[in-house]
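The values are calculated or read from the model by the stated rules, or taken from the named source; none is laboratory data. Every value quoted in this text rests on a predicted model; they were computed, and no experiment measured them. Neighbour counts run over all protein chains shown; Cβ positions are idealised from the backbone, glycine included.
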């Protein structure tokens, strides 16, 4: 009976989403990212249903390790969706592909964003956002260059000491030289944006291990490239090691999803003013929680309901 009630509730939400012509897609990976991109959809941002029968929608073919971790997708002004991802644990590049419908994808390619740094240890959690002011895309990620920022050397596990770097592009063929994007004075990783009230709110994870921090904070800027204001106090629960945030506004609420990676489950925080936060994890229903194929570090994006309808129709489970 409980399952029937849940299905009826989800059907009602799906009908509402169809009427509004808007739904939400979650791009994520499972296990180590070896099988590629996974998708889930939601009508309200709370209850999620996996697509394609839970199978990968895009298998990784680039990079030495051929992994697809930390997928991030943005919609360009022409309606094309651009996807970037972590191609491996020790790569100096990131993966890229594009699509109109999340079914047919362009040939994958490597973007060697850190190939100019011979000692770089990693290129993790890339994000891509569209800069309307400059009519270009900005891509940013976390990397450790051992000889830099010695004042915080050893702050993270395995002597990682991350900072956020970036490049820009108009066509994903030509890229500007990589530069330092964000340096908060500590090992920082998993940066993402929430666009609200005419500002760009950068959400970051303090990766400091000793003493343990591992929480999320945010700082605002009028321009996508900064400068960024003072960081807020941590807004994720104390003691909960958080990573991989992604954020969106749904109705009057700002929702920030993140992975509690030590506890192996997804969480969510909700706010209306970006100052007072409520833990709404208990209100969420994520995909395959508590299993090896559970959702990991992805991004949420609003899409036309038509895209979700096509994906559901193409699902092998149907």
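If the condition is being surrounded by 16 or more Cβ atoms within 10 Å (Cβ to Cβ) and closer than 19 Å to residue 69 by Cα, then the stretch 262-287 contributes 266, 267, 286, 287. Of the set (1) in contact (Cβ under 8 Å) with a residue 12 or more places away in the chain; (2) touching a strand residue (DSSP E or B) at 6+ places or on another chain (Cβ under 9 Å); (3) in a loop (DSSP other than H, G, I, E, B), all apply to residue 176 but (1).
For residue 112, are the conditions met, namely being farther than 29 Å from residue 198 by Cα, in contact with a helix residue (DSSP H, G or I) (Cβ under 8 Å, 6 or more places away or on another chain) and surrounded by fewer than 20 Cβ atoms within 10 Å (Cβ to Cβ)? So residue 112 does not fit the description; no. Based on this model, can you work out whether residue 280 counts as closer than 23 Å to residue 82 by Cα and either without any contact (Cβ under 8 Å) to a residue 40 or more places away in the chain or in contact with a strand residue (DSSP E or B) (Cβ under 9 Å, 6 or more places away or on another chain) (or both)? Answer is no for this residue.
Can you pull out the residues in the stretch 209-232 that are out of contact with any helix residue (DSSP H, G or I) (no Cβ under 8 Å at 6 or more places or on another chain), surrounded by fewer than 17 Cβ atoms within 10 Å (Cβ to Cβ) and closer than 21 Å to residue 261 by Cα? Result: 210, 211, 212. Take residue 186 and tell me if it is assigned to a loop (DSSP other than H, G, I, E, B), in contact with a helix residue (DSSP H, G or I) (Cβ under 8 Å, 6 or more places away or on another chain) and buried (at least 19 other Cβ atoms within 10 Å of the Cβ). Yes.
Listed by first and then second residue, the pairs linking a residue in the stretch 238-255 that is surrounded by fewer than 15 Cβ atoms within 10 Å (Cβ to Cβ) to a residue that is part of a loop (DSSP other than H, G, I, E, B), with Cβ atoms under 8 Å apart and 6 or more places separating them unless they lie on different chains, are 238/215; 252/272; 253/272. Within the stretch 263-277, the set of residues being more than 19 Å from residue 44 (Cβ to Cβ), free of Cβ contacts under 8 Å to residues at least 40 places away in the same chain and more than 18 Å from the chain's Cα centre (by Cα) comprises 263, 273, 276. Taken over the stretch 19-48, the criterion of being closer than 22 Å to residue 247 by Cα and either surrounded by fewer than 15 Cβ atoms within 10 Å (Cβ to Cβ) or at pLDDT below 95 (or both) is satisfied by 20, 21, 22. Filtering the stretch 143-156 for residues that are assigned to a strand (DSSP E or B) and crowded, with 21+ Cβ neighbours inside 10 Å leaves a non-empty set.
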